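S.K.: First, the structure itself, so that you have it in front of you.
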Amino acid sequence: MNSFSRNPLRWLLAIAAMSVFATATPAPAQQYPSTPIKLIVPQPPGGPTDTVARMLAQKLSASLGQPLVIENRPGGGSIIGTDALAKSAGDGYTLGIATVQHIVNPFLYASLPFDSVRDFVPVTLISKADIVLVVNPELPVKNLRELVALAKQKPGTIGWAFAGNGGTGHLALEMFQKASGVDVIKVPYKGTQPALTDLLGGQVSVMFDGVVTSLPHIKSGKLRPIAVASLKRSKLLPDVPTISESGFPDFEAVGLAALMAPAGTPPSIVNKLQLEVSRIAQDPEFDAKMTAMGLSVVANTPAEFASYIQQESTKLGALIRAANIKPQ
């Protein structure tokens, strides 16, 4: 287990030190950037993470005055791309996109080719992806209270799909089981589409899914939304309550897209990048496009992002250990 798992508070100490010296080293930020910037995306082209990266890259290119060149490095549960970022120079000219895998991989794998704390600097949490709990309409439940009651009345009978061990849908299921005490049949799939196909066909009954993926089926009546797993209601499903509203306070399970830099990146450059992302987040056009994808823009500070990582590491690490989750 690497140092991220042993001592996540190192994030906060590192960011605090970075903030102290940020004003003492303004030169790199004043000169930066003078050449194109590479943005490593540890996911394949065309997916939601890649789409966010390309939208952000377009805006950052305009504001920084230099191209941001996307380099997709998928594979190994984001490990391949993340390792490429870890081994890059900390000069601000190689950045990377991180997802929730960056937080959970230290707990899923016995070892990683990088240190999740020492080898990176958090820049900002770009966005959170809304997740919705959906059921096949043939399941006789219309809200979360009824779903929990049915699951407790008939333990071990409701098929609950998820895509990928340790993925957002799987973690949301484990989190909900722990919070509610329900006993369901966990049905793993190797992708969202096969799971969704079986949910629509009635082979399984329940699933946590991205709002934007399930929305067409919700509108057509082929899926019934029960609750969203974010702390606030989704703008795409304003009439669907949150799980927190439905009796499980502070319940949150979301997808993430974040901006990271290699260790050694000057604090002044990190702060400049975060400031630019924060400005982009206030662009109505950018916000509207993100909302249409079921995403909520965050654009928090490096210190706030570090604190969030520490909190999620504590929560998800304990969950993964308790459920004995292993990568597929």
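S.K.: Could you give the DSSP H helices of the chain that reach 15 angstrom or more along their long axis (alpha carbon positions) and whose average Kyte-Doolittle hydropathy is no lower than 0.5?
M.R.: 10-22
S.K.: Here is a further query. Need one word for the stretch 51-97: rounded, prolate or oblate. Basis is the Cα gyration tensor (sqrt eigenvalues a ≥ b ≥ c); a/c below 1.5 gives rounded, then a/b vs b/c decides.
M.R.: Note, shape of the stretch 51-97 comes out oblate.
S.K.: Also: Between Gln66 and Asp239, what FRET efficiency comes out of the Förster formula 1/(1 + (r/R0)^6) with R0 = 45 Å and r the beta carbon distance, rounded to 0.05?
M.R.: 0.55
S.K.: Still on this structure, I have one more. Counting each DSSP H run of 4 or more residues in the chain as -39500 (n - 2.57), what helix-only mean residue ellipticity at 222 nm follows after dividing by all residues, to the nearest 500 deg cm²/dmol?
M.R.: The helix-only estimate for the chain comes to -13500 deg cm²/dmol at 222 nm.
S.K.: Take the Cα of Asn143, step 7 Å along the line toward its Cβ, and report every residue of the stretch 223-250 whose backbone nitrogen sits under 14 Å from that point.
M.R.: From the stretch 223-250, the list is 226-228, 239-248.
S.K.: Let me check I've understood the local charge: for Asp50, count other residues with C-beta under 15 angstrom from its C-beta, Lys and Arg +1, Asp and Glu -1. What total comes out?
M.R.: Net charge around Asp50: +3.
S.K.: Oh, and also: With a Förster radius of 30 Å, plug the Cβ-Cβ distance of Lys222 and Ala179 into 1/(1 + (r/R0)^6) and report the FRET value to the nearest 0.05.
M.R.: The pair Lys222/Ala179 has a calculated efficiency of 0.65.
S.K.: Could you grab the relative contact order for the stretch 131-228? Cα pairs under 8 Å, six or more apart, rounded to a whole percent.
M.R.: About 49 percent, as a whole number.
S.K.: Taking the Cα of Lys152, stepping 7 Å toward and past its beta carbon, and measuring to each backbone N in the stretch 201-235: which are under 14 Å?
M.R.: Under 14 Å, as judged by backbone N against the label point of Lys152, lies no residue of the stretch 201-235.
S.K.: Report Rg (one decimal) and Dmax (nearest whole number) for the chain, counting Cα atoms only, units Å.
M.R.: Considering the chain through its Cα atoms, Rg and Dmax are 20.1, 65 Å.
S.K.: For the chain, give the share of DSSP beta bridges that are antiparallel, in percent and rounded to the nearest 5; count only bridges with both residues there.
M.R.: Once the DSSP bridges in the chain are tallied, antiparallel ones form about 60 percent.
S.K.: Given points 7 Å out from each Cα along the Cα-Cβ axis, report the Ser34 to Gln282 separation in nanometres with one decimal.
M.R.: Distance between label points: 3.0 nm.
S.K.: Separation of the stretch 72-138 and the stretch 166-228 by C-alpha centroid, Å?
M.R.: A separation of 23 Å, based on Cα centres.
S.K.: Taking H placed 1.01 Å from N in the peptide plane, check which residues at least 5 places from Gln43 or on another chain put their amide H under 5 Å from its amide H.
M.R.: Arg73
S.K.: By count of other Cβ within 10 Å, fewest leading, how are Val69, Val41, Val187 ordered?
M.R.: With the fewest neighbours first, Val69, Val41, Val187 line up as Val69, Val187, Val41.
S.K.: Viscosity 1.567 mPa s, temperature 4 °C: give me the Stokes-Einstein translational D for the stretch 131-228 in µm²/s, with Rh taken as the Kirkwood radius over C-alpha pairs.
M.R.: Taking Rh from Cα pairs, D becomes 99 µm²/s.
FYI, it's all coordinate maths here, none of it is from the lab. Source: prediction; values computed, not measured. Don't worry about glycine lacking a Cβ; one is built from the backbone with ideal geometry, like all the others, and counts go over all protein chains shown.
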